[in-house]
Amino acid sequence: MNYKEKITGYEFILSETQFITSQGKEFFLSENYSCEELNIQYENQEIFLNFVRKNPEKTDSLKNYLMYIKNIKNTTEKIYYSHMLDDTELFEIKEFCYYSGKIRELIYDEMKFISPHNLEDVYKLLDPDGNGINTFYIFDSYDEELSEIRKQIRKKSDDENLKLKETEKENEIREKITKKLKTEYLNIAESFSKISYIDVLQAKTFLALKYELTKPVFSQNSDIIDIKKFFNPEIKDNLEKSGKKYQKTDICIKKGVTLFTGANMTGKTVVLKTLYLIDKMIKKAFFVPAGKCIFPFFENSFLITGDEQNYLKGLSSFAAEMKEINEILKHKAEEKNLILLDEIGRTTNPTEGKAIVHAVASLLNESDSFSLITTHFDAENIKEFAKITVKGIKEDAENTENIENIIDYSIIKDNGLTDKKQAVKIMKIMNLDKNLIEYTVNYLKGGKNNYEQ
Amino acid sequence: MNLAGELKKYSSISIVGSEKNTGKTVTLNYLIKILHDSKINIGVTSIGIDGESTDQVTKTKKPEIILGEGDFFATSEKHYKSKKITSEIFDISDENTSIGRVVTAKAKNSGKVIISGPQNNLWIKKTIDKMKKYGADTVLVDGAISRLSHASPAVTEAVVFSTGAAFSLSESEILKDTIHRINLSRLDKEYDFNDEENGVYIKTDEGIIKTKIKSLLMYEDIDRYIEGKKDVKIYTTGAVTDSFLKHMTEKKYAENLTVVADDFTKFFISPQIFNLFLKSKGKLRVLKSSKIIAVTVNPVSPSGYTINTEGIISKINNIFGIPVFDVMKEVSSYEL
């Protein structure tokens, strides 16, 4: 698993997506959607969700039947290439037809578009006695001669000649059955693929229900990201497990560069990670963790956070970051990207760091991309970019060890009025070493000019 | 009470041998036959020891079993394909062995099948349950006692022990070993531990802890956990060995000690050490009890010697009151 998928909570989403069959998961992993295809995917997803809501009992049966669907992909390929199937493979096809039929019965009226085909003829071919029981061998009733040979074998069980005759006859019949199956190849293979898709839909639907995800509204031409009450499912889950509350927030940003300021610990990094997560989820046609979500279709998405793994490759944190930014700038001419940068330039000195932020922002602002850049550097005098900030420490904040209780995570337009130098305030609320706080305050008073340059 | 009557009390029975070539296959075929003749619906499977590679190392050939019409069996795909009987497939497992999935089927006529089954307890249980669901009254499991195996024959309700001239040509040696095995299979059940993940656990008056020791082979590391403690219970998910029990006795820990294993097949100990440990007031217990309910003796050794089995049969029968029979004679002495 990719490092960014881990830190943004996408890995968590994947682990919470419960496929019933291995082929369902395979199907999911192999699919990538264009913007138009995504719209169809979301429609299907919504129809399936409504089905689940309306038919809890049918849904239980559906999930139960899915457990019996084995991976018959190799067997269907053998049918396609006219390789004679053996008894275990014929058994698999028979069992598949049975449960495929059960699934069809359940969903055909309401969801014809994902319903497997009618495979009754195939089932009948493999159930010549019409028992309706899911067992298989080359039944006596396939061939009178075979039945006769077997009768003789029962009397003379060690006659090798008779056994040989039986095997020859059986293979003859297997060849015939395989030939007939070939005429049904498309029906079988498509039904298998549809059922795999049903598994994908059910897995996504139950994820959406569990985490209260919603269908996003998106289009190629949208020039706004407008999300209400969004959240990061993994972090929310962890907080709630330890009895804490997660504050959902809204965000609205337009095409171009938006600078994102705010005090420490106000969740700016989480916002970036969650936007990245939402983009990832949309590309795989998941519902998204938000109350309402308008989102453009991005060609690429980039996220740079301070906790990159590149350090492991022996690069300094600064060099690693600059290399990544350079990569992003190479893409800037492309149609539309989502670029999320977390405090770039922070690992070098403030003077040059600020210059780097400004340079990167200026270059990105010329492109068609959406860029959100968090920074601690003073952005008050920068007028050319949109700016947002986190409300931050509540007015009535009291000393506490639970920082999340005293912070209002709401994201608002930065009108330059909010106080962004809240580090000392937070240090005080956290009851840190008095001398440390005093020194910091004194330094700020005395050395203000120094710092500002 | 005849043997079939005794066997049919249990819905699953494994056949365990004291040594290779003690006639386990002969026993299995014999049991199949008498159950079949008594009109009892049977199922047959085997505990797999990690597939073919092990078979090649230990040079044991998987036995060919003779089934009758209507009998159920579960074997791996590879062996299913090489079967010499006509049979109807009822199920194919989701799990894989190194030689394919396990196919459960019903014999449509009599003939030979090679049986190689699931490789862990849960899977064996599932396979037994499936055959019962399809109609088998008693499922026979070709068991193996092996430290390498993840599965234990004690997963079944009862055990038939098979011994004979392949184990020893001496009547008294066979007797000693068989009595020892039956005694082990009758150890009391222990309730203080559950089926835990692999490791060594110790219970003292301070509660149960999982030790950092991986197996009782590192028995000297155990001392510091139990030194000076009273009423100690040691549970291992692995094997209990002679050297461990000897060490515990020599260190005078035995008097306060209960040693617990998953089941009796996990005790790889000699009768001498077993008796020494019990004499020192140590206790041995099992989490899962599965008793030896019958013994079979094969009088013929692999090199062709034949021993007299009458003494063995009557002595074991006298001590334990369970059916004991010579697999080369058609009728069990118990029935006579």
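The values are calculated or read from the model by the stated rules, or taken from the named source; none is laboratory data. A quick note: this is a predicted structure, and the numbers were derived from the prediction, not measured. Here the Cβ is made from the backbone with ideal geometry for all residues, glycine too, and neighbour counts use every protein chain on show. Heavy atoms of the whole protein, side chains included, go into the accessibility calculation; ligands, DNA and RNA do not. Shrake-Rupley method; radii C 1.70, N 1.55, O 1.52, S 1.80 Å.
Tabulated data for the structure shown
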| item | result |
| --- | --- |
| Looking only at the stretch B:85-104, and only at residues there that are crowded, with 18+ Cβ neighbours inside 10 Å, more than 7 Å from every other protein chain (Cβ to nearest Cβ) and out of contact with any helix residue (DSSP H, G or I) (no Cβ under 7 Å at 6 or more places or on another chain), the one that is farthest from residue B:48 (Cα to Cα) | B:85 |
| Residues of the stretch B:124-153 satisfying the condition of being more than 20 Å from residue B:95 (Cα to Cα), open to solvent by less than 60 Å² (accessible area, probe 1.4 Å) and at pLDDT below 80 | B:144, B:145, B:146 |
| Which listed residue is closer than 23 Å to residue B:94 by Cα and either open to solvent by 50 Å² or more (accessible area, probe 1.4 Å) or not assigned by TED's automatic domain parsing to the domain that holds residue A:44 (or both), from A:118, A:131, A:74, A:161 | A:74 |
| Any hit, the stretch B:290-308, residues being more than 23 Å from residue B:17 (Cβ to Cβ), small (Gly, Ala, Ser) and buried (at least 20 other Cβ atoms within 10 Å of the Cβ) | no |
| Residue that is nearest to the chain's Cα centre (by Cα), among those in the stretch A:170-192 that are open to solvent by 50 Å² or more (accessible area, probe 1.4 Å) and within 21 Å of residue A:111 (Cβ to Cβ) | A:190 |
| Wholly enclosed helices (runs of 4 or more DSSP H) of the stretch B:159-271 bearing at least 2 residues in the same structural domain as residue B:302 (by TED's automatic domain parsing) | B:171-185 |
| Number of the condition not met by residue A:7 [criteria: (1) of a type in the set (A, V, I, L, M); (2) surrounded by fewer than 19 Cβ atoms within 10 Å (Cβ to Cβ); (3) within 30 Å of residue A:299 (Cα to Cα)] | (2) |
| Positions within the stretch B:222-247 being within 30 Å of the chain's Cα centre (by Cα) and farther than 18 Å from residue B:286 by Cα, in sequence order | B:222, B:243, B:246, B:247 |
| Residues that are among the charged types (D, E, K, R), open to solvent by less than 40 Å² (accessible area, probe 1.4 Å) and more than 17 Å from residue B:195 (Cα to Cα), drawn from the stretch B:219-275 | B:223 |
| Yes/no for residue A:28 being under 30 Å from residue A:302 (Cα atoms), touching a residue at least 40 places away in the same chain (Cβ under 8 Å), hydrophobic (A, V, I, L, M, F, W, C) and in a loop (DSSP other than H, G, I, E, B) | no |
| Leading residue by the ranking (farthest from residue A:371 (Cα to Cα)) among those in the stretch A:209-257 that are over 17 Å from the mean Cα position of the chain (by Cα) and of a type in the set (Ser, Thr, Tyr) | A:242 |
| For residue B:166: the one exception among (1) more than 14 Å from chain A (Cβ to nearest Cβ); (2) under 20 Å from residue B:67 (Cβ atoms) | (2) |
| Some residue of the stretch A:213-221 being at pLDDT below 95, closer than 30 Å to residue A:257 by Cα, hydroxyl-bearing (Ser, Thr, Tyr) and open to solvent by 20 Å² or more (accessible area, probe 1.4 Å) | yes |
| Residue in the stretch A:214-233 that is more than 27 Å from residue A:103 (Cα to Cα) and small (Gly, Ala, Ser) present | yes |
| Within the stretch A:400-428, tally of residues that are farther than 27 Å from residue A:349 by Cα, modelled with pLDDT under 80 and surrounded by 11 or more Cβ atoms within 10 Å (Cβ to Cβ) | 5 |
| Listing of helices (runs of 4 or more DSSP H) fully contained in the stretch A:95-191 that carry 2 or more residues being within 12 Å of chain B (Cβ to nearest Cβ), hydrophobic (A, V, I, L, M, F, W, C) and on the phi < 0 side of the Ramachandran plot | A:144-155, A:160-183 |
| Residue within the stretch A:257-278 that is out of contact with any Lys or Arg (no Cβ under 7 Å at 6 or more places or on another chain), in the same structural domain as residue A:384 (by TED's automatic domain parsing), farther than 19 Å from residue A:7 by Cβ and open to solvent by 70 Å² or more (accessible area, probe 1.4 Å) present | no |
| Tabulated pairs, the stretch B:110-133, first closer than 21 Å to residue B:33 by Cα and within 14 Å of chain A (Cβ to nearest Cβ), second open to solvent by 70 Å² or more (accessible area, probe 1.4 Å) and assigned to a helix (DSSP H, G or I), C-beta under 9 angstrom, 6+ apart or interchain | B:110/A:154 |
| Residues of the stretch A:79-94 that turn out to be polar (S, T, N, Q) and more than 12 Å from chain B (Cβ to nearest Cβ), as a count | 1 |
| Number of the condition not met by residue A:42 [criteria: (1) out of contact with any helix residue (DSSP H, G or I) (no Cβ under 7 Å at 6 or more places or on another chain); (2) not in a helix (DSSP H, G or I)] | (2) |
